[in-house]
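> Before I ask anything, here is the structure I am working with.
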Amino acid sequence: MSLTRSLLAALVAVPLALMAMTLPVQAADDNEARNEALDDYEPDLGAGEVMFRQCALCHGQRGQGILGGKYPRLAGLPEYYLVNALRDYQTGARGYDAMLVVGGLKTANDQDLMDLAGYISDLDIELDVPGPEEGSARAGRKLYKFDCKSCHGRKAEGKSRKDSPPLRGQYYEYLERQIALFKSGERIHADDPEDETFAAYEEDELLDILAFVASLDDDLGGDDDDDNDNDD
């Protein structure tokens, strides 16, 4: 290669390298700006209802999901969690092609996602969700308080500041499958690829935790007098 061509290649390489270094920062800034803009957006529930017609094919007309947890309950989930989950499906962070094609996410923009999340979050239903027969809610209560409460809330209501979803009211079979995905690394728990929350738990202990979560509408789950911290 001639000296002239070498110099030209070097001159081209330098700005490209600098661009590559700044792209992650720019992407992070863009995401932050987008999130701030969406915080002030008032969802169009009518538009969200139209979009949800496709979701209802699997998740039910009222977002109740399917008993047994093949498709999870969506109704009443908080907007912050729904928007994050929908984005994850769009980007491929969570893989399920039906969400893109049947659910219409492939062509949805940020406003569409907010409209859909707002409508789903506004759905109000009551479900009597059974827990696993093999699990002990009493034993699961202690385990839940030790490892789950700080992120998912004292009564599994979720925490917006940690982007953690509520667990109560969800089918335990669905939660059980998600735990399996976290353990295998197919899903990332707590946004930490190195997270090992579930590694030390035996199967019967996980069933105990799920039994406790399912019991939170009962006296056992609702009475937590020994827990007087300030978790929000």
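> Stokes-Einstein at 37 °C, 0.692 mPa s, Kirkwood radius from Cα pairs: D for segment 63-182 in µm² s⁻¹?
Answer, rounded: 213 µm²/s.
> First obtain the Kirkwood hydrodynamic radius of segment 138-185 from its Cα pairs, then insert it into the Stokes-Einstein equation at 10 °C and 1.306 mPa s, and state the resulting D in µm² per second as a whole number.
Translational D for this selection: 139 µm²/s.
> Another question about this same structure. Tell me the per residue accessible area of segment 141-199 using a 1.4 Å probe; a whole number in Å² is fine.
Averaged over the residues of segment 141-199, the accessible area is 58 Å².
> Out of the total accessible area of segment 93-227 (probe 1.4 Å, heavy atoms of protein only), what percent is carbon and sulfur?
45 percent
> Calculate, for segment 70-133, the solvent-accessible area per residue in square angstrom, rolling a 1.4 angstrom probe over the heavy atoms of the protein chains.
52 Å²
> Turning to a different aspect of this structure: What percentages make up the Cα-Cα pair-distance distribution of segment 45-96 when the bins are 5 Å wide from 0?
5, 18, 22, 33, 17, 4
> Let me ask something additional. Leaving ligands, DNA and RNA out of it, work out the accessible area of residue 171 with a 1.4 Å probe and give it in Å² to the nearest 10.
10 Å²
> What are the residues whose amide H is under 5 Å from the amide H of residue 159, where those residues sit 5 or more places off or on another chain and H is modelled from the backbone?
Under 5 Å from the amide H of residue 159: 164.
The values are calculated or read from the model by the stated rules, or taken from the named source; none is laboratory data. Note that the coordinates shown come from a computational prediction; the quantities given were computed from them, not determined experimentally. We work out accessible area using only protein heavy atoms, side chains counted, and drop any ligands, DNA or RNA first. Shrake-Rupley method; radii C 1.70, N 1.55, O 1.52, S 1.80 Å.
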